[in-house]
């Protein structure tokens, strides 16, 4: 009788196990999110139009459509953005990271930052301006022994050095400050001229604070059709989040395509991120944005030669190692 009871007990346990397993199998299960599914991408930016792929990506819900969570992080200079990237406080920056600085970083810390889009400047599409007081016919030759304001960063310092050297200016003084302070400094006559990026040249002219003395400065003083800035992502982020990297590239490509095809609509977005009104934003002229597949890598290699010949880099930087691997440039969009 004891043996019979024991057999019944075992049979009951077996039946319960079968019921549990069968129930578990047929009930729909939700996949537990992995770290790469839920990680927020921290993206650095500055308040100027070179970072428009980020602004458009946010406002047109491009990141959301590609199942990305992003956190915009504002900085006052490109150097600050790169420092944050190197310290892993942010993961990427879209559009506006100065290529001069990227060459310096590649020389000192190879393979740490990877480029996946470019922005160029040419004669018809300027980004960098030398401006003077509105209503005054100032020329470059008038700037001897004058004070020149400039935005923060090392790239503009190189620009200033070139401008002074090529125009044989003497006694000039460079005063670097936050970009938003340049126009007030010029208006109050604390400085005699200023090196600015768009949209501040357009803002200054619209408010009758300044007028252009010279435009497309990087194009003129360094390289025709220069690859002026770039989108970058850290190699650490790429390694840890390859699928998110693919989606980030896809989102950036879509944002650039939107800007290139709908420039006026893209300009409507700028006042949300840059201190200017809609009327001024409508006058801003976008510089050419190059998505991953349209990047002019020959020009990037040519810029490497130029910077090396000028002594801005101690070695001839291999630009191929600066570009994101094509493995990450084939994303599955809208997943």
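Read-outs: derived from the displayed coordinates by stated rules, not from any lab. In this text, all values refer to a predicted model and were calculated from it rather than measured experimentally. As a convention, Cβ positions derive from the backbone with ideal geometry for all residues, glycine included, and neighbour counts pool all protein chains shown.
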Residue order, fewest to most surrounding Cβ atoms within 10 angstrom, among 165, 211: 165, 211
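Working from the alpha-carbon coordinates of the chain, get Rg over Rh, Rh being the Kirkwood radius.
On the way: Rg = 26.4 Å, Rh = 21.9 Å.
Expressed as Rg/Rh, it is 1.20.
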Whole-angstrom Cα spans of region 114-198 along principal axes, big to small: 41, 28, 25
Inter-label distance, nm, simple model (7 Å from Cα along the C-beta direction), residue 136/residue 190: 1.6
Extension gain (nm, one decimal) between residue 86 and residue 318, 0.36 nm per residue minus Cα-Cα: 81.5 nm
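Relative contact order of region 128-215, please, whole-number percent, based on alpha carbon pairs below 8 angstrom and at least 6 residues apart.
Numbers: 156 pairs, mean separation 43.9, N = 88.
This gives 50 percent for region 128-215.
Just rank 50, 169, fewest to most, by other beta-carbon atoms within 10 angstrom. Let's see the in-between values first.
Details: 50 26, 169 18.
Sorted ascending by nearby Cβ count, the order is 169, 50.
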Fewest-first sequence of 252, 40 by Cβ atoms within 10 Å of each Cβ: 40, 252
Value of relative contact order over the chain, rounded to a whole percent, pairs C-alpha under 8 Å and six or more apart: 26
